[in-house]
Amino acid sequence: MLLHVIARGKIGRSPEAELVARYEKRIAWPLRLTELPETGGRVPEPQAPCRTVLLDERGQDLTSERFAAILGGWRDDGIRECRFVLGAADGHEDEERAAADLLLAFGKATWPHLLARAMLAEQLYRATTILAGHPYHRSG
């Protein structure tokens, strides 16, 4: 299953970009990163069955194992692409939230946009390693 991160704003050359690149190299699943301008721009149309996850402060705060289980379930159900959408500074519109398959939050704190992108990359790496059967330090 393709993991497709769609983010508003340019990460440029930054410490967060280095973290994203580090995890990008470690993720064994296909991964695509799409950057859009802060406003405007078009989200690419999916080419196959797809699920959409919005990173949103109103979303669920999932454990890494539960997040991995959701991704694994979608993969096993034949979903070909999972999109992870990071909105602009003002977040997502109500219509976007209603259409999403999952709203995901990284706790109740507010995180800088670029750091949230790095945290997502880490969680995608962790989820794919859990699904691959690698030992997870919190299991057992």
_Looking at segment 122-136, I want the residues that are within 18 Å of Cys82 (Cα to Cα) and have a partner that is open to solvent by 30 Å² or more (accessible area, probe 1.4 Å) with Cβ atoms under 6 Å, at least 6 apart or on another chain. Which pairs are those?_
Glu122/Tyr23; Tyr125/Tyr23; Tyr125/Arg26; Thr128/Ala28; Thr128/Trp29; Ile130/Tyr136
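Can you spot a residue in segment 89-97 that is within 24 Å of Pro15 (Cα to Cα), free of Cβ contacts under 8 Å to residues at least 24 places away in the same chain, of a type outside the set (Gly, Ala, Ser) and surrounded by fewer than 14 Cβ atoms within 10 Å (Cβ to Cβ)? So that I can check it myself, show each step before the final result.
Start the filter on segment 89-97 by keeping residues that are within 24 Å of Pro15 (Cα to Cα), which leaves 89-91.
Still in the list and also free of Cβ contacts under 8 Å to residues at least 24 places away in the same chain: 90.
Applying the additional criterion that residues be of a type outside the set (Gly, Ala, Ser) yields 90.
From what's left, surrounded by fewer than 14 Cβ atoms within 10 Å (Cβ to Cβ): 90.
Checking segment 89-97: at least one residue is within 24 Å of Pro15 (Cα to Cα), free of Cβ contacts under 8 Å to residues at least 24 places away in the same chain, of a type outside the set (Gly, Ala, Ser) and surrounded by fewer than 14 Cβ atoms within 10 Å (Cβ to Cβ).
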*In the list Glu45, Glu65, Glu38, Glu57, which residue meets the criterion of being charged (D, E, K, R), farther than 21 Å from Leu2 by Cβ and over 16 Å from the mean Cα position of the chain (by Cα)?*
Glu38
*Which pairs have Cβ atoms under 6 Å, sit 6 or more apart or on different chains, and link a residue in segment 56-73 that is over 20 Å from Ala88 (Cα atoms) and in contact (Cβ under 8 Å) with a residue 60 or more places away in the chain to one that is in a helix (DSSP H, G or I) and open to solvent by less than 90 Å² (accessible area, probe 1.4 Å)?*
Ser64/Arg126; Phe67/Ala127; Ala68/Ala127; Ala68/Ile130; Ala68/Leu131; Leu71/Ala127
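The values are calculated or read from the model by the stated rules, or taken from the named source; none is laboratory data. Quick caveat: nothing in here was measured; it's all calculated off a predicted structure. Cβ: placed from backbone, ideal geometry, glycine included. Neighbour counts: every protein chain shown. Areas reflect the complete protein model, heavy atoms only, side chains present, ligands, DNA and RNA absent. Shrake-Rupley method; radii C 1.70, N 1.55, O 1.52, S 1.80 Å.
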